[in-house]
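For reference, the structure is listed below as structure tokens.
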Amino acid sequence: MSDLSLQGVRVFLVDDHPAVREGLSLLLANKGVVVCGEAACRDEALPLLATAAADIVLVDLTLGDESGIALIETLRNKDQAIKCLVYSMHDDAERIQAALTAGASGYVTKREVAATLLAAMASILAGERYLSPVVEAALQQAEPDESRLIVERLSERELELFRKMGEGFSTADLAQYLDISPRTVETYYARIMEKLDLVGVKEIRQKAIRFMKAR
């Protein structure tokens, strides 16, 4: 990843540790990123974010006595939603999934290298969701429970399509196999994304492949 891709990007920091915010500010400034504001909690962050014109909000999940998830939910529900990237010490699947469900666009743990954080920012700005290697591993370890939830949430037809995606079927293959139009296949994609909290066909396919490997 080129540092040029982050030149001029405006980032707002929300972390209850001043030393962490200071360290992040130095790191990001060296990469040409503009730290347009910082706060220690949700109530402090919201009024500042109203005028900060931030491209990304970097959010810790532990903000004193409150959770950063509440801030993520608030920002997602605003008229002009701001992209949130979780930067936290927590690496358990339950908290990771809660943050993603709340609307986080990515998740990086604080024990990963700075390059991972920068890669996450670049990916999010490109419209993609980013999960760090540690986060991916944590979610994969929780796969047995996740497989059960997938079966519970998807209809029989959706699950059939999902399984075939895990076997490598393309949109055209699915349309032919299920005897439906490609447009109808895309409708199924949208339903599966909503039910499984996924972003894009690529994420459906990745989850479907893991699902089939775990069977």
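The values are calculated or read from the model by the stated rules, or taken from the named source; none is laboratory data. What you see is a predicted model, and the numbers here were worked out from it, not measured in a lab. Here the Cβ positions follow ideal geometry from the backbone for every residue, glycine too, while neighbour counts run over all protein chains shown.
What are the residues in the stretch 167-213 that are loosely packed, with under 13 Cβ neighbours inside 10 Å and aliphatic (A, V, I, L, M), if any? Scanning the stretch 167-213 gives ALA172, ALA190. Count of the stretch 56-71 residues, restricted to those that are at pLDDT below 95 and part of a loop (DSSP other than H, G, I, E, B), is 3. Only one entry of LEU85, LEU63 meets the criterion of being crowded, with 16+ Cβ neighbours inside 10 Å, out of contact with any Leu (no Cβ under 7 Å at 6 or more places or on another chain) and not acidic (Asp, Glu), and that entry is LEU63.
One line per residue, one yes/no per condition, for (1) part of a helix (DSSP H, G or I); (2) of a type in the set (A, V, I, L, M, F, W, C):
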{"position": "ARG95", "(1), (2)": "yes, no"}
{"position": "ALA98", "(1), (2)": "yes, yes"}
{"position": "THR101", "(1), (2)": "yes, no"}
{"position": "ALA104", "(1), (2)": "no, yes"}
{"position": "ARG111", "(1), (2)": "no, no"}
{"position": "VAL134", "(1), (2)": "yes, yes"}
{"position": "GLN140", "(1), (2)": "yes, no"}
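Checking each residue in the stretch 153-163 for being surrounded by fewer than 18 Cβ atoms within 10 Å (Cβ to Cβ) and either in contact with a Pro (Cβ under 7 Å, 6 or more places away or on another chain) or without any contact (Cβ under 8 Å) to a residue 40 or more places away in the chain (or both) picks out SER155, GLU156, ARG157, GLU158, LEU159, GLU160. For the stretch 17-46, filtered to residues that are loosely packed, with under 11 Cβ neighbours inside 10 Å and not polar (S, T, N, Q), the residue that is nearest to LYS110 (Cα to Cα) is ALA19.
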